[in-house]
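Undergrad: Pasting a structure below so you can have a look.
None of the figures in this text is laboratory data; all of them are computed from the coordinates on show. Quick caveat, the model's predicted, so the values are computed rather than measured. Counting neighbours? That spans all protein chains shown, and the Cβs are built from the backbone with ideal geometry, glycine included.
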Amino acid sequence: MLIDLTLCVGCNVCQGACKEENQLPPGEEKYLSLTAYTALSKYNDLYIRRMCQHCDVPTCVSVCPVAALSKADAGPVAYDGEKCIGCRYCLQACPYHVPKYEWSSTKPRIQKCKFCAPRLAKGLQPACAEACPTGATIFGERDELLLEAARRVSAEPTKYVPRIYGKDDVGGTSMLYLSPVPFEQLGFDARLGKIPMPMLTMSALSKVPNVLSVGGVMLGGIWWITNRRTEVAAFEASEQKGETPRPEDKP
Amino acid sequence: MKIRLLPRITRWHPIATTLILAGTLAAIARFTYGLGATTNLSDEFPWGLWIGFDFLGIGLAASGFTIVAAVHLFHAKEYEPIVRPAILTAFIGYMLVVLVLILDLGRPDHFWHPLVMWNPHSVMCEISWCLMLYTSVLSLEFAPIVLERFNILWPIKWIHAISLPLMIFGVLLSTLHQSSFGSLYLIVPNRLHALWYTPLLPVLFFISCLASGISMILLESLVFSRGGRDLLPTRLRANLAKVIAVILALYFVVRVENLLARGAWHELTTVTYFSLAFYAEMLIGFVIPFGLLVVERVRNSRRGLYAATLMVVVGFALNRMNTAITGLESYPAQTYFPSLIEIFIMLGITALGFSAFSFVVKHLPIFEPVVATPRVRQVAVTARPEPVFLTRHGGDLESS
């Protein structure tokens, strides 16, 4: 989806449609919560819509120990509450602080934007994109949306900052943003780079097979050498005492 | 320095019973009302005191693999008397951590899922596998002590037959998950404070666990030798202390070099909550004990060693708690303080661990001279050596 902040008027229809689609209790909410999978926050005169970014290389998917989170080819990052063990690593790791946890439940799950996966399967748009009256949110293929975003920026360079947020931030996201002001002023974390976050842990995890194989051989070798040394020392000691004369010495 | 010589906690039994009872009640509350009502965890702060406790428990149980490696793989046989205490410490430590992890999980009924649902990209998945496997290895290493007590000797033979690959596997698993606890935080460069976040986290976690594990076992050997004989002669204790000093120095150099290289030392020039926490852990856990342990008189004195190793353990605890809690309070800016129920569960489990330790020590030969155990790998004194070896060494002996 492409979200053009210059077109958003803050009518909150997207949140209403989202709540209806996901059967959440109605009522305007300013922040993401268990009952708001998308929310508008206001920065000066601008409204910015938050939701799951549905990253191309999702951090949450990479950290989940039981693969309860998965990235579909069509875009959505889906969650399976039946697999989830409740370790909450996804809450800790998500660079956008998206997943929300059912803390008050004794069988808690996480809640977040589902990218209206059932609607996409039926060939429909996500509820928020369909509801948006001004075209601030449009839905389409990611490649086409990137072209459209680039066209808008080059057509009116004074209106936009020359950046499509989500094009390659944290490895690229399904949500793309255009803004008239730098994204750092809109509460976006400026410290997130272009490298997908899972690469950070993969650099450590990829060494696991090496540690196992090299370490195993090395420890085995050290055991063999030190064991041999003990044996030799014991043999020499016994020889010096003359307790066990070498068999070859006997005529 | 006015440290009372090895203070003994009096009235341990009533204290432990109270703590365990309070912890049990807190755990019942946690299961009845859920995490939200009983903890101060939130969407912004999903991991708290219990994760810090896990780091602590695992780190202090590191003696289980360091001492086993030293004695059985590197053949430093003179340290044999502390192998059993080390294995027991590790075994209890890991059991406690597994207990806390199950309490901490949102869905404790799903705790077995990592066994069948894998995600090789997840550090958490690797850790849960290492924990399960290493706890099994520890059980096998610990089993002979129990079996011996009940005079069931036949399984011991089997365990001894596979002991070498088992020990190597155990050491490797420990290396992996001790460092992986640091890797957990590699993925939150934007959240963890710069004084703690570094790509070297796994390396630093591994180095520091070596020091804390050995300190813990030295501490135990000092505490439990009050009854009569020393578990380790002064010379060997001093040697271990020297090893700790070297590890502390290594850690300090790597950590400080890394801070300088990444420019994070700027954070230290101002007095903040974070810089104070950093100074506290570095001074208490690394600098001061290093300063103490390089002095030979301290290494040879029980009181000095007691103080130094206690500082290493406390500083280590600060380091882990800072990584798990303090460092994460920077972004989004917030404060977290554990709820009473979180604290009671942690204290209860700690008390359970100490009680289990003293119970086992009372009933199993842990701190006693090694009784004659069936050994598969006897050092073959009269074995026929290979001819090459014989001539060479025989010659050397004759010429000398």
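Undergrad: Which loop trypsin sites (Lys or Arg not before Pro) in the stretch A:7-53, with loop taken from DSSP, have no more than 16 other Cβ atoms within 10 angstrom of their Cβ?
TA: The qualifying sites are A:LYS30.
Undergrad: Just check the stretch B:41-336 against the gyration tensor rule for me: Cα atoms, a ≥ b ≥ c as the square roots of the eigenvalues, rounded for a/c under 1.5, and otherwise prolate or oblate depending on whether a/b exceeds b/c.
TA: Verdict is oblate for the stretch B:41-336.
Undergrad: Still on this model: Can you list the lysines whose alpha carbon is less than 21 Å from that of A:LYS241, not counting same-chain residues fewer than 8 positions off?
TA: Candidates past the 8-residue exclusion: A:LYS250.
Undergrad: If Lys and Arg each add +1 and Asp and Glu each add -1, what is the summed charge of the other residues whose beta carbon sits under 10 Å from the beta carbon of A:VAL170?
TA: Local charge sum for A:VAL170: -3.
Undergrad: Sticking with this one: Where does chain B land at 222 nm, in deg cm²/dmol rounded to the nearest 500, when only DSSP H runs of n ≥ 4 count, each adding -39500 (n - 2.57), divided by all residues?
TA: Estimated from H runs of four or more residues: -21500 deg cm²/dmol.
Undergrad: Sticking with this structure for a sec: Which parts of the stretch B:102-139 would a label at A:ASP80 reach, counting a residue when its backbone N lies under 16 Å from a point 7 Å out along Cα-to-Cβ?
TA: The answer is B:110-122.
Undergrad: Would you please give the FRET efficiency between B:ASN239 and A:VAL13, computed as 1/(1 + (r/R0)^6) with r the Cβ-Cβ distance and R0 = 56 Å, to the nearest 0.05?
TA: In this case the efficiency is close to 0.15.
Undergrad: Using the Cα centre as the reference, give the magnitude of the dipole from point charges on the C-beta atoms of the stretch B:41-336 (Lys, Arg: +1; Asp, Glu: -1; all else neutral), rounded to the nearest 20 debye.
TA: 1020 debye
Undergrad: Let me ask something else. How would you classify the stretch B:229-353 from its alpha-carbon gyration tensor, with a ≥ b ≥ c the square roots of the eigenvalues: rounded for a/c under 1.5, else prolate if a/b is greater than b/c, otherwise oblate?
TA: oblate
Undergrad: If you check each cysteine of chain A for another cysteine whose beta-carbon is under 4.7 Å away, which ones come up empty?
TA: Cys with no partner Cβ under 4.7 Å: A:CYS8, A:CYS11, A:CYS18, A:CYS55, A:CYS64, A:CYS84, A:CYS87, A:CYS94, A:CYS116, A:CYS132.
Undergrad: Right, next: Evaluate E = 1/(1 + (r/R0)^6) for B:LEU283 and B:ASN151, where r is the Cβ-Cβ distance and R0 equals 56 Å; express this FRET efficiency to the nearest 0.05.
TA: Calculated transfer efficiency: 0.65.
Undergrad: Out of B:LEU103, B:LEU56, B:LEU218, any idea which swings most in a Gaussian network model of chain B, alpha carbons joined below 10 Å?
TA: B:LEU103
Undergrad: Helix hunt in chain A: which complete DSSP H runs extend at least 24 Å axially by C-alpha with mean Kyte-Doolittle at least -1.0?
TA: Going by DSSP H runs, the hits are A:208-241.
Undergrad: Then there's this: Within a Cβ distance under 15 Å of B:MET216, other residues only, what is the Lys/Arg minus Asp/Glu net charge?
TA: +2
Undergrad: Right, another one. Taking the inverse of the average 1/r across all pairs of different Cα atoms in chain A, what Kirkwood radius in Å do you get?
TA: Over chain A, the inverse of the mean reciprocal pair distance is 21.7 Å.
Undergrad: Mind checking the angle between helix B:83-104 and chain B's longest principal axis? C-alpha axes, 0 to 90 degrees, to the nearest 10.
TA: With rounding to tens, the tilt is 20 degrees.
Undergrad: Which of these, B:ALA261, B:ALA16, B:ALA29, has the largest mean-square fluctuation under a Gaussian network model of chain B (Cα springs below 10 Å)?
TA: B:ALA261
Undergrad: Based on the alpha-carbon gyration tensor of the stretch B:158-288 and its eigenvalue square roots a ≥ b ≥ c, which shape applies: rounded if a/c is under 1.5, prolate if not and a/b is larger than b/c, or oblate?
TA: Oblate, since a/c reaches 1.5 and b/c is not below a/b.
Undergrad: When a footprinting reagent is the concern and you count Cβ atoms within 10 Å, what order do B:THR270, B:THR17, B:THR66, A:THR6 take, fewest first?
TA: Ranking B:THR270, B:THR17, B:THR66, A:THR6 by Cβ neighbours within 10 Å, fewest first, gives B:THR270, B:THR17, A:THR6, B:THR66.
Undergrad: Further, regarding this structure: At what distance in angstrom do the alpha carbon centres of the stretch A:39-106 and the stretch A:164-212 lie from each other?
TA: Centre-to-centre distance over Cα atoms comes out at 14 Å.
Undergrad: Sticking with this one: Bins of 10 Å, beginning at zero and ending with the bin holding the largest distance: percent of Cα pairs per bin for the protein assembly as shown, please.
TA: For the protein assembly as shown, the pair-distance distribution reads 3, 14, 22, 22, 16, 10, 7, 4, 1, 1, 0.
Undergrad: On a 0 to 90° scale, report how tilted helix B:273-282 is relative to the longest principal axis of chain B, with both axes built from alpha carbons and the result rounded to the nearest 10.
TA: 10 degrees
Undergrad: Using the structure shown, select from A:LYS114/A:LYS159; A:LYS207/B:LYS77; A:LYS71/A:LYS122; A:LYS19/A:LYS100; A:LYS122/A:LYS159; A:LYS112/A:LYS194 the pairs with a Cα to Cα distance greater than 27 angstrom.
TA: A:LYS114/A:LYS159; A:LYS207/B:LYS77; A:LYS122/A:LYS159
Undergrad: Something else about it: Order by neighbour count: A:ASP143, A:ASP168, B:ASP104, A:ASP4, fewest other Cβ atoms within 10 Å first, most last.
TA: Ranking A:ASP143, A:ASP168, B:ASP104, A:ASP4 by Cβ neighbours within 10 Å, fewest first, gives A:ASP143, A:ASP168, A:ASP4, B:ASP104.
Undergrad: So how far, in whole Å, is the C-alpha centre of the stretch B:269-289 from the one of the stretch B:133-209?
TA: Cα centroid of the stretch B:269-289 versus Cα centroid of the stretch B:133-209: 28 Å apart.
Undergrad: May I pose another question? Label-point separation (nm) for B:TRP112 and B:LEU364, each offset 7 Å from Cα along Cα-to-Cβ?
TA: Calculated label separation equals 2.5 nm.
Undergrad: Something else about it: First measure r as the distance between the Cβ atoms of B:THR18 and B:ALA261, then evaluate 1/(1 + (r/R0)^6) with R0 = 56 Å and state the FRET efficiency to the nearest 0.05.
TA: 0.70
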